[in-house]
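Step one of this worksheet: look at the structure below.
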Amino acid sequence: MSSSIEESRMRLLRSALLVMLAGSAVFATSLLTLGQVPHSRLLGPALLGTLSGIALLHLRQRQPQQTLSLLACGGWGIATLMGCLTEGVRTPILLAYPMIVIFTGWLLGAAWAKGFALASALALAGMAGAEMLGWLRPLAPIPAVSLMLAQCLILALAATLTLNLLRVFQERMDEALRLGRLAEQNLATVRTRELELQRLVESMPSLICQFDAELRCVLANPHFTRFFGLSAEELPGRPLESIFGSTAFEEQRAPLLRALAGESLRSQARFGIGEGPAEHVFEVALVPRQLEGHSDGGYALLHDVTERERSAERLRQLVSQDALTGIGNRTHLMDRLGLALKRSARRPQCFALMMLDLDGFKQINDAHGHERGDQLLQKVARTLADTLRADDTVARLGGDEFVLLVETLHGVEDATLVAAKVVQSIAALSSTEAPISASLGVALHPQQGAVAEELIRRADAALYRAKAAGRNQWRMAE
């Protein structure tokens, strides 16, 4: 209840109590002016005045509900007592019964009204029966003036309470209307914001869906439905597994379960059906849906980063790829060599680093031009890649210098076989117009080096020994 209505109840009770107090005094005075008046007749106004005074004092504690309960019970008791002591059912103060029923029902509730109505009916029936049996002997009829004053007191009290109740009712109605208008405004604001949010979600390029605790789709935005080739009617209640596909769903199962546990997190997913290419890369943001302290589902926001990933991959290729031959460059070699050393640290294995230099390339370049020389370098790169396994690495450091990283060897014997095969494959490219061969230096890990710099240095030294020995051959590092 608002403070204004509470204040109105305080005013209502205060004015009613003042009317009761003043009316009791006037009624008692009128009875005393009649001369010899039975004390029982004076008891009523005296008790009403006392009750009014006690209620006024109690009301100062600003507890209208308790004050009203005290007033209702005390007033009903006084009326009943006076009926038994004076005129029985003809006692004027008994007119307060219906007032008590009406106003307690309005202010205290239906249970109070029912209780007072039943108690009043029983009291009236008891007084009437007692008079018929001769147990209750009414006093002489009250004089007309006193009766008129008593009835005026009751009328004044009824008018005061009624007018104040109407005022409270009007204030309640005004408050209800104000709250109703405020609720309508709030509802309109909520609807407006809901529409704005819906437009925002629908216009976002991300794929958005809400899922429940059973990992079933609840709703989704148009981008989500279009990408997965589904209609809006097909989505509600559909398992995410059937939307994402089994492979992508299994990859996302752990993050989804963590979101259901109340954790917000990001992950990456690869899937794609419907409009786009066979595979898209998505950044996935998972947000739990909290309701009364626990998560009953969540929201998935999928942002397509396929082009960004492709651009990053192209950039990585540009950084690590030799522009002329298409094989790896120094950056690519060092990256692969570092990985090989890490794998070997976890699980010891033998691998070979081979430095290769073309014999006679400068003469070919000078005699036939740089274009012919570039074509020869490209042919050498393809030959080396075809000679080695797919898991091995071929890189060009610059000019006519190449490096081979041959992994998973059983020992020196395997390395010598590969070295001989490489030298033979390059010699096979030689022609009368462009005689070409290769010198090769080999360093084995871990026998001849445990770190990248040492392997490169020792393989390079072995390469120069091969050139010094007559070229078109290979040498193992010492």
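Tabulated results
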item: GLU309/ALA121 FRET efficiency (R0 60 Å; Cβ-Cβ; nearest 0.05); result: 0.10
item: Amide H contacts under 5 Å for GLY297, placed H, 5+ residues apart; result: ARG289
item: Solvent-accessible area of THR247 with every protein chain in place, 1.4 Å probe, in Å² to the nearest 10; result: 100
item: Surface share of carbon and sulfur [accessible, 1.4 angstrom probe, percent] for the stretch 228-274; result: 50
item: The stretch 360-430 - Rg (one decimal) and Dmax (whole number), Cα, Å; result: 13.5, 43
item: Contour minus Cα-Cα distance for ARG372 and LEU324 (0.36 nm per residue); result: 16.0 nm
item: Carbon plus sulfur fraction of accessible area for the stretch 315-411, probe 1.4 Å, in percent; result: 50
item: Protein-only accessible surface order, largest first, of ILE327, ILE54 at 1.4 Å; result: ILE54, ILE327
item: Rounded accessible area of MET173 (nearest 10 Å², 1.4 Å probe); result: 80
item: Phi-based couplings in Hz for the stretch 220-235 (Karplus 6.51, -1.76, 1.60; Gly and Pro marked x); result: 7, 8, x, 4, 5, 5, 5, 4, 8, x, 10, 8, 4, 6, 7, 6
item: Charge context of ARG266, other residues only, Cβ under 13 angstrom, K/R +1, D/E -1; result: -1
item: Whether the stretch 369-408 is rounded, prolate or oblate, judged on the alpha carbon gyration tensor where a/c under 1.5 counts as rounded; result: oblate
item: Cα lying deepest toward the dipole's positive end in the stretch 340-464, options THR393, ALA450, SER437, charges on Cβ; result: ALA450
item: Accessible area in square angstrom per residue, the stretch 234-366, 1.4 angstrom probe; result: 55
item: Nonlocal amide H pairs with VAL281, under 5 Å, H built at 1.01 Å; result: VAL305, THR306
item: Alpha-carbon centroid distance for the pair the stretch 367-392 / the stretch 53-76, whole angstrom; result: 108
item: Estimated vicinal HN-Hα couplings, Hz - the stretch 283-289 in sequence order (Karplus 6.51, -1.76, 1.60; Gly, Pro = x); result: 8, 10, 9, 10, 10, x, 9
item: Accessible surface, per residue, of the stretch 52-144 when the full set of protein chains is kept, probe 1.4 Å, Å²; result: 52
item: Span from the the stretch 218-256 Cα centroid across to the the stretch 406-450 one, whole angstrom; result: 53
item: Global geometry of the stretch 342-478, whether rounded, prolate or oblate, following the gyration tensor of its Cα atoms and the 1.5 cut on a/c; result: prolate
item: Surface/4 estimate of mean projected area, convex hull on alpha-carbon atoms of the stretch 293-383, nm²; result: 11.8
item: Shape category assigned to the stretch 63-142 from the gyration tensor of Cα positions, a/c cut at 1.5; result: prolate
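The values are calculated or read from the model by the stated rules, or taken from the named source; none is laboratory data. Predicted model only: the values in this text are computed from it and were never measured. Positions of Cβ are generated from backbone atoms using ideal geometry, with glycine treated the same way; all protein chains shown enter the neighbour counts. Each accessible area value is taken on the protein alone, full model and side chains, heavy atoms only, with ligands, DNA and RNA left out. Shrake-Rupley method; radii C 1.70, N 1.55, O 1.52, S 1.80 Å.
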